[in-house]
1. Per 0.36 nm of contour for each residue apart, how much would the distance between residue 28 and residue 73 grow if the chain were fully extended, relative to their Cα-Cα spacing?
2. Please work out, to two decimal places, the log10 of the ratio I(q)/I(0) at q = 0.15 Å⁻¹ from a Debye calculation in which every Cα of the range 77-126 carries one identical scatterer.
3. Trypsin sites (Lys or Arg not before Pro) within the range 112-152: which are DSSP loop residues with at most 10 other Cβ atoms inside 10 Å?
Amino acid sequence: MVWGKPLSVAPAGQPAPADPVPQVAPARVIVSLALVGVATWALESVAGLGPSLVVVLVAAFGSAAAVRYGGVVRRVAIVSLLVIALTGLGWIELVNKVQYGTLALTGAPPLVRWCGTTYRPSGVVTADPSAGAGPRYSEILRTPSGYDVFGVALGHKRSCGTSGPLFVGVGSARYAAYDPETASPPTSGG
């Protein structure tokens, strides 16, 4: 007995039988990972969750379960869970910093970047996300802290629209206005 496991014993003159090696079912792993990929895409694109903790957890635990379901050793499943979770959290932080100017996962962002324009809070909070009698506002983004961002989109939810203010839903019937940044004209010294 070695390490709590019995050794294989063979009759004299014959080689000992090999311990069975677990067989990996690559087709099961690939199909399972594809299903996790589709579920993650649906949560991020169709359900509009964007890069969020829920999407990262679904991808990480789903991938670990898919790898384990394929017959791979438990350590490989745990390593895949950790790698995907850490990569996903890093992706959330990168998107948060680039698109919203912060690494915080709570509160309204200090800026919103959308369609090549940077929007900053104007200090105005309204009860309705609109700019008067103009076009209808719809949800265009969701911050990683869970706030909806409203703007004018053309046709599809995430397509660029007119260049008016954006509104970030900061509470029940409370929308913070974000105005587009304007480049200051160069001053001429004379």
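1. Stretched out fully, the residue 28 to residue 73 stretch lengthens by 14.8 nm.
2. Per q value, in the given order, log10 I(q)/I(0) is -0.52.
3. Taking the range 112-152 and a limit of 10 other Cβ atoms within 10 Å, the loop trypsin sites (Lys or Arg not before Pro) found are 136.
Just so you know, all these numbers are worked out from the coordinates, no wet-lab data involved. These numbers come from a predicted model, not from an experiment. Here Cβ is always computed from backbone atoms with ideal geometry, including for glycine, and neighbour counts include all displayed protein chains.
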